[in-house]
Amino acid sequence: MANQTTGSRRPARTQRIAVAAAVVAALSTGVLAPATQAKPASVAVHREQQSPASVLRYWTPERMRAARPLEVSPPRTLANGRSKQPPAGKPTATTRTAGPKISLPRDGTGLRRPVGGGLHPSWYGLELPWQIQSYGYAGSIGPVGRIWFMKPGGGWYVCSGTLVSANVVLTAAHCVRDGSTGSWYGRWVFVPAQYGYGYPYGTFTGRNAAVYSTWSSYPYNQVAGTDGEGYFPMDYAFIALNRNSAGHNAGDYVGAFPILMNAPKGNIYHLGYPVEGMWAGGCSSTTCWPWHCRADVQRYDLYAGGNWDEGMSCFDSGGSSGGPWFEYWNCRWYVVSVQSHMGIVHSDANGHRYGLSFYGAYMNNSVGSLFAYASRL
């Protein structure tokens, strides 16, 4: 692991300038959502207790290979949002700087690499009322990567995430804090742009994590539709990263994507790293390929407390949690949500669960306030 942190590839000077310009522009023009120097109300922060060197030593290849996804897939009991849509808000971006370009797979494309066991025949055409344009393995996108972490008392887990600034990763709250008990996880590491073998830009350790307390607070984490797993409209979190041993931020190498708050209903391109079931054979500690889904937002759900989540058709599984939902708006790509939990769930003969639809938080101005605070941690 030690030689993976040195950042053997020197970041392009233009990338460093772009990242710095994005931060300066955001802070000077007020593009960031309004925030004060004080911690926003109801924000919870966890500071990593271990040193970066200790965290890197902890994540041996054996532990990374043994990491599994968290199980978050409660039954969908809400009916009040099927035909509704969140109140129209002004779409607002966290920065004016565009993220990297995304090359979409053609509509109807399927698997690009074989998945262990292949697709079960019953999957074909099983989108039911949900409609999907494409799914399958896809090319890597620099700021998107994998996150490893551990739970108190042991257990190694993996999620997906996206750089939204030079040193801040956006992921799901359930990859940071238990939605039922409020217990924090820790020893986060982020590997950007993994595609196949190895870690092309090294490994970056987490310094702090920030979520809204509402995610794991009673009564919100017990309202209808949550099954006690957490308050899904707030299932997003930010992890502030340390620089690597060469003194560089992750974003210096791969850039970052802006977040779009109050996004209009549109076409979503999701990218993540599933590791469960039929994907397990192609995703280990040093080998993993990104998987995509592309579909329109097809459903919104209103939860107690006045917050929403949104749903799309996606053939995916555990490990992709926290992976970005991208939307193309005003000639740029933005992150508008992250993979949260399954809707329509299928289990195969081996007990592995797969999702045919997935949900993510509808990100309003609250995400901007949390991001602004997390950026200063």
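The values are calculated or read from the model by the stated rules, or taken from the named source; none is laboratory data. All of these numbers come straight from a predicted model, not from anything done at the bench. Cβ: placed from backbone, ideal geometry, glycine included. Neighbour counts: every protein chain shown.
Odds and ends about this structure:
- Sole exception among (1) under 11 Å from the mean Cα position of the chain (by Cα); (2) assigned to a strand (DSSP E or B) for TRP148, by number: (1)
- In segment 306-338, the residues that are of a type in the set (D, E, K, R) and either in a loop (DSSP other than H, G, I, E, B) or more than 16 Å from the chain's Cα centre (by Cα) (or both): ARG332
- Test: residue in segment 260-276 that is under 17 Å from the mean Cα position of the chain (by Cα) and of a type in the set (Ser, Thr, Tyr): yes
- Residue identified as closer than 24 Å to ASP178 by Cα and either out of contact with any Pro (no Cβ under 6 Å at 6 or more places or on another chain) or aromatic (Phe, Trp, Tyr) (or both) among TRP308, TRP329, TRP289, TRP333: TRP308
- Qualifying positions in segment 313-346 - more than 19 Å from GLY225 (Cα to Cα), of a type in the set (Ser, Thr, Tyr) and modelled with pLDDT under 90: SER317
- Count of segment 275-287 residues which are part of a loop (DSSP other than H, G, I, E, B), touching a residue at least 60 places away in the same chain (Cβ under 8 Å) and either out of contact with any helix residue (DSSP H, G or I) (no Cβ under 8 Å at 6 or more places or on another chain) or among the basic types (Lys, Arg) (or both): 2
- When restricted to residues that are out of contact with any helix residue (DSSP H, G or I) (no Cβ under 9 Å at 6 or more places or on another chain), under 19 Å from SER160 (Cα atoms) and not in a loop (DSSP other than H, G, I, E, B), segment 339-366 contains 4.
- Of all the residues in segment 334-375, those that are without any contact (Cβ under 8 Å) to a residue 40 or more places away in the chain and among the hydrophobic types (A, V, I, L, M, F, W, C) number 1.
- Cβ-Cβ contacts under 6 Å between residues 6 or more apart (or on different chains), taken from a first residue in segment 205-228 that is at positive phi to a second residue that is in a loop (DSSP other than H, G, I, E, B) and not basic (Lys, Arg), are listed as GLY225/THR77; GLY225/LEU78; ASP227/PRO74; GLY228/SER180.
- Taking the criterion of being over 21 Å from GLY225 (Cβ atoms) and either in contact with a Leu (Cβ under 9 Å, 6 or more places away or on another chain) or among the aliphatic types (A, V, I, L, M) (or both), the only residue of segment 347-362 that qualifies is ALA349.
- Test: SER347 is surrounded by fewer than 24 Cβ atoms within 10 Å (Cβ to Cβ), over 18 Å from MET234 (Cβ atoms) and out of contact with any Pro (no Cβ under 9 Å at 6 or more places or on another chain): yes
- Top-ranked residue in segment 152-168 [being in a strand (DSSP E or B) and of a type in the set (Gly, Ala, Ser); ranked as farthest from the chain's Cα centre (by Cα)]: SER165
- Of all residues in segment 98-145 being modelled with pLDDT under 75 and of a type in the set (Ser, Thr, Tyr), the one that is nearest to the chain's Cα centre (by Cα): THR109
Table: residues versus (1) farther than 17 Å from MET342 by Cα; (2) among the aromatic types (Phe, Trp, Tyr).
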| site | (1), (2) |
| --- | --- |
| ALA166 | yes, no |
| PHE204 | yes, yes |
| GLY230 | no, no |
| VAL254 | yes, no |
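- The set of residues in segment 241-272 being touching a Pro at 6+ places or on another chain (Cβ under 7 Å) and hydroxyl-bearing (Ser, Thr, Tyr) consists of TYR253 alone.
- Counting only strands (runs of 3 or more DSSP E) wholly contained in segment 169-271, the ones carrying 2 or more residues that are surrounded by fewer than 21 Cβ atoms within 10 Å (Cβ to Cβ) occupy 186-192, 204-212.
- Selection count, segment 292-305, where residues are in a strand (DSSP E or B) and touching a helix residue (DSSP H, G or I) at 6+ places or on another chain (Cβ under 7 Å): 1
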